[in-house]
Structures are given as C-alpha cells and as structure tokens.
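Rule-based calculations on the coordinates, nothing more; no lab input. Predicted model, so just to flag it, every value in this text is computed and none were measured. We place every Cβ from the backbone using ideal geometry, glycine too, and count neighbours over all the protein chains shown.
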Amino acid sequence: MAIWTCLSKPRWVCYTNIMRPIWLVVVTVVIVVAGVGTGYLLSNRKSMLAGDSSTQNVITTDKEVGVKDTATFSDSAKGVIQKGGLNGEGTHQLVRDGGPSQTVYLVSSIVDLDQFVDKKVEIWGQTVRAAKAAWLMDVGRVRILE
C-alpha cells in the first residue's frame, strides 16, 4: 500500500520520508560515539588538581603522614591535637602554647586526625575561612614530634 501512496506523490516527497529515519539513526550513532570517545580520552588524562595524591607525593611513615604538596599546604603549626571543634567548625583542634586564643581548629580529607589525638605534632595545611574559629586549617600533612 505504501508503494501506491508514493506513486501518487512527487518523487522527492517519498525520498524524504524514507531518508528521515536513516538520518536520525546516523546522527544518534555519531553523538554516542563522540561521547564515548571524549569520556575515554578524559579518563586517561592525568589529574591537574592541586593536592593530587599520586603515589610520588604521598608520605606514609611511622612519624609522618600526608602529602608533600607545599604549594597548597603552606601554613604550619605545632601543638597537641585534641578531638572536637568549635561550634561545628573543625573536627579536631591543635592546642598551642599561649592559651585558647592560639588554638587552631582542624579539618582534613587527606589525613585521619584521630590517629594523632593527644600527640605533639607539627601540621601543614591551608587556612580556610571560618565564621567562629579564629584559625581553621585544612590539614594535608602531620608529623609526630614526641
């Protein structure tokens, strides 16, 4: 029945109706292949993010844990790590000489600070903005001093 319909219409109308689904399939395949190819190429690129913890930058010894990224984690302090932050800011605190005004509140996504509680340490990190704490630091490396 479709042949009779095409015979009664101009040739370009029948050609357009037949080719429309083919072009739709071709365009869809090209888009899918381009997406898969882009994903593959991007997944093989090395990470350019600061603080990238590739194996050559990671420190894991008995006395020191963290990353060697001194450009990102340029701030340092010494003291004793205690558990607890200040009103929701920080998970731990570094108690330093000079009283409560010298306390550094700490967070870290790189170092497990729980393993350093009640130990005298030197930390390296990046100061981040805080609403309540005078000094809030994202810790990238910890070294046990005593």
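Quick notes
- Once divided by 2.2 N^0.38 Å, the Cα radius of gyration of region 58-144 becomes 0.97.
- Annotation: extensible slack from Glu89 through Val117 equals 8.3 nm (criterion: 0.36 nm per residue apart, minus Cα-Cα distance).
- Cβ-based exposure ranking for Leu41, Leu94, in which fewest neighbours within 10 Å come first: Leu41, Leu94
- Spin-label pair Ala71-Ser101: with each label point 7 Å from Cα along the Cα-Cβ axis, the two points sit 3.7 nm from one another.
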